[in-house]
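The values are calculated or read from the model by the stated rules, or taken from the named source; none is laboratory data. If you're wondering where the values come from, they're calculated on a predicted model, not measured in any experiment. Here the Cβ is made from the backbone with ideal geometry for all residues, glycine too, and neighbour counts use every protein chain on show. Only protein heavy atoms, including side chains, enter the accessible area calculation; ligands, DNA and RNA are left aside. Shrake-Rupley method; radii C 1.70, N 1.55, O 1.52, S 1.80 Å.
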Amino acid sequence: MNVSSETVHQPVTPLIGGVCVQSKSDATIEVVNPSTGRILFSIPAGNDADVERAVSCSRRAFEDGHWSEAPPSFRKRTLHRFADLIASAGAILDALDAGEMGKPVSTAAFNAAGAAELMRFHAEAIDKFSGDTHGSDKHSLVVQRLVPRGVVAAVVPWNFPTFNATLKIAPALAAGNCVVLKPSELATRSAVRLAQLGLQAGLPAGVLNVLPGLGETVGRALGLHKDVDMVAFTGSTEVGRLMVQYAGQSNMKVVQAECGGKSPQIVFADGVDIDQASTAIAGFLLVNQGQVCSVGSRLLVHRSIQEAVIERVAAKTKQIVMGDASDPATTFGPLASATQCERVMRYIDGARAQGAQLIAGGKRVKGESGGFFVEPTIFRDVEPTAQIAQEEVFGPVLSIIPFDDEAEAIAIANGTKYGLAAYVWTRDLSTGMRMAKAIRSTVFINAVSPQGEGAGHAASYEPTGQSGLGTEGGLAGMATYMRRHLVWFNHG
């Protein structure tokens with residue numbers, strides 16, 4: 001089904017207490033279609049009054065217990081209906097995201113269908129949690145309950161709007177919390193549509209509220225609000241640090257944050273199928289134009305196979321169909337905004353000035369469209385300490401770094417401030433085990449191209465370094481949205 005995002009009527013105002021309301025802010029932000037450079041509409045910038053209204057509504061909804069104290073079976077049925085509605089509206093949600101931030105509708109990764117499955121997982125998890133009963137003497141009974149934290153502020157990024165919103169609201173709702181969802185100012189309509197689908201599924205009014213606006217207004221006010229019990233954040237390391245500071249300045253609220261990454265792809269010369277590895281490495285770089293926090297943007301390759309890998313990866317990056325993200329034929333769309341486009345080009349120009357060897361791409365293209373298109377770009381023989389190899393570019397830019405032995409590969413892989421993910425290509429079990437233990441981030445060991453879904457949504461991960469804090473995904477991730485409440489009975 002092909003749905004143009006510009007023909008879908010979707011008002012962009014705060015949705016609070018189950019209804020769309022007018023923002024208290026007179027300032028607005030223009031939202032631009034990154035495929036064309038044309039203004040789509042404007043949204044309110046938001047202010048403290050908007051945040052106060054949304055948080056107060058969430059608090060009332062939490063305290064009345066219609067969701068937080070509802071039977072698990074009710075919450076489970078509601079979230080299953082929510083998942084079904086997300087799946088049914090998948091074409092519209094994907095079109096909204098394509099029009100606002102440029103994720104191609106053809107990209108199956110992290111789309112609305114995936115968001116529906118994520119919601120289903122958490123719906124099923126609701127009645128799988130239990131507390132603990134601790135051994136005690138004959139005069140006491142000690143139990144530990146798992147209870148919702150209360151009001152959760154979900155502050156989500158622009159790169160996969162529908163999926164990332166669901167990544168936060170699904171576990172928060174399943175745990176019994178009420179949520180104020182703050183989408184990126186670049187992509188708001190799918191968040192509003194999600195909240196409307198939640199109401200249709202049976203979420204009580206006020207349980208899920210949406211607050212469009214700027215990060216420096218709405219995001220900051222949510223982080224500082226003393227009646228918010230938890231912030232669930234995905235975004236840059238810089239803003240993640242601010243959220244932690246806001247928590248300390250206000251009420252010491254819990255902060256769960258997934259931030260930046262500079263993930264390595266490490267290819268050993270031990271019989272790995274170079275064609276398979278190159279196809280997978282290039283394919284990941286091209287997903288959403290490289291605007292993925294866990295993208296393997298550093299290619300560490302054993303020096304003996306460097307030329308063969310470079311040739312194949314470069315060839316794969318040229319097999320794209322670049323165009324309007326709303327066109328089903330497009331496989332590679334624009335960067336999300338003019339600002340993001342300028343940022344990526346600064347990194348590319350800086351790398352060239354610092355002596356990195358450009359072997360593919362490097363240019364802004366399709367200028368006649370008015371959109372923000374940048375070619376897939378590859379640099380070779382990049383120094384591990386170079387800016388392009390140390391900082392998160394968040395675009396389709398690959399830095400190739402040769403290594404001579406395992407110890408060098410480990411040192412380079414761990415040699416940034418980040419610790420989000422790493423990808424190791426080896427056919428040697430012992431090499432894979434040593435790398436898995438030595439690299440501090442999440443590690444994927446690939447003897448062949450990734451196949452299947454593995455643990456699916458049941459897997460949990462916890463970033464290290466400046467890639468964030470707290471656990472996301474699976475039952476362990478859902479547990480972060482709950483508080484351990486100790487109850488100690490003393491009796492005669």
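FRET efficiency for A459 and D64, Cβ-Cβ distance as r, R0 = 51 Å, nearest 0.05?
On the way: r = 35 Å, r/R0 = 0.68.
Efficiency for this residue pair is about 0.90.
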May I ask you to list the lysines whose Cα is less than 17 Å away from that of K417, ignoring any residue fewer than eight positions away on the same chain? K262
If packing is taken as the mean number of other Cβ atoms within 10 Å per residue, what is the order of 284-295, 84-95, 126-137, 436-447, highest first? 284-295, 84-95, 436-447, 126-137
D132 and V147 label points (each 7 Å along its Cα→Cβ direction) are spaced in nm at 1.8
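Shape call for the stretch 79-225 from the C-alpha gyration tensor, a ≥ b ≥ c root eigenvalues: rounded (a/c under 1.5), prolate (a/b greater than b/c) or oblate?
Working: a/c = 2.61, a/b = 1.74, b/c = 1.50.
Prolate, since a/c reaches 1.5 and a/b exceeds b/c.
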Please work out the Cα convex hull volume for the stretch 28-138 and give it in Å³ per residue. 176
For the stretch 194-247: span of alpha carbons on each principal axis (Å, largest first): 36, 22, 16
Convert each backbone phi in the stretch 372-388 into a coupling constant with the Karplus relation 6.51 cos²θ - 1.76 cosθ + 1.60 (shift: θ = phi - 60°), then list the ³J(HN,Hα) values in order as whole Hz, x for Gly and Pro. 10, 9, 10, 5, x, 10, 10, 10, 10, 6, 7, 5, x, 8, 5, 4, 5
Explain nothing, just compute: Karplus ³J(HN,Hα) = 6.51 cos²θ - 1.76 cosθ + 1.60, θ = phi - 60°, for every residue of the stretch 289-295 in order, whole Hz, x for Gly and Pro. 6, x, 8, 9, 5, 9, 4
Check R483: other-chain or 5+ apart residues with amide H under 5 Å from its amide H, H built from backbone geometry? V147, R149
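What's the ranking of 475-485, 220-230 by average number of surrounding C-beta atoms within 10 Å, highest first? List each step's numbers first, then the result.
Values: 475-485: 18.3, 220-230: 21.9.
Listed from highest to lowest mean packing, they are 220-230, 475-485.
Please calculate how many Å² of accessible area the chain carries per residue, with a 1.4 Å probe and no DNA, RNA or ligand atoms counted.
Numbers: 19340 Å² over 492 residues.
With all protein chains present, the chain gives 39 Å² per residue.
How high is the FRET efficiency from H491 to Q249, r the C-beta distance, R0 45 Å, rounded to 0.05?
0.55
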Given +1 on the Cβ of Lys and Arg, -1 on the Cβ of Asp and Glu, and no further charges, what dipole in debye does the stretch 1-149 carry about its Cα centre, rounded to the nearest 20? 420
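With Rg and the Kirkwood Rh both taken from Cα atoms, where does Rg over Rh land for the stretch 211-370? List each step's numbers first, then the result.
Numbers: Rg = 19.9 Å, Rh = 18.7 Å.
Result for the stretch 211-370 is an Rg/Rh of 1.06.
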Name the long-range amide H neighbours of W425: under 5 Å, sequence gap of 5 or more, or other chain; modelled H, no Pro or chain starts. I266, V267, F268, N446
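If the only charges are +1 at each Lys and Arg Cβ and -1 at each Asp and Glu Cβ, what is the size of the charge dipole of the chain around the Cα centre, to the nearest 20 debye?
Details: 43 positive and 47 negative charges, 173 e Å.
The calculation lands at about 820 debye.
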Against the longest alpha carbon principal axis of the chain, how many degrees, from 0 to 90 and to the nearest 10, is the axis of helix 237-249 turned? 30
State the volume of the convex hull built on the alpha-carbon positions of the chain, expressed per residue in Å³ and rounded to an integer. 152
Here, Q276 and D48, labelled 7 Å along Cα→Cβ, have an inter-label distance in nm of 5.9
J(HN,Hα) series, the stretch 115-121, from Karplus relation 6.51 cos²θ - 1.76 cosθ + 1.60, nearest Hz, glycine and proline x: 5, 4, 5, 4, 5, 4, 4
Residues with amide H under 5 Å of V142's amide H, sequence separation 5 or more or different chain, H placed in the peptide plane at 1.01 Å from N; which? H134, F489
Cα gyration tensor, the stretch 260-322 - rounded (a/c under 1.5), prolate or oblate: oblate
Could you give the angle, 0 to 90 degrees to the nearest 10, between helix 429-438's Cα long axis and the longest principal axis of the Cα atoms of the chain? 60
The summed charge of the Q466 Cβ neighbourhood (under 14 Å; Lys/Arg +1, Asp/Glu -1) stands at -1
Rounding to the nearest 10 and keeping the result within 0 to 90°, find how far the Cα-based axis of helix 161-174 lies from the longest principal axis of the chain. 40
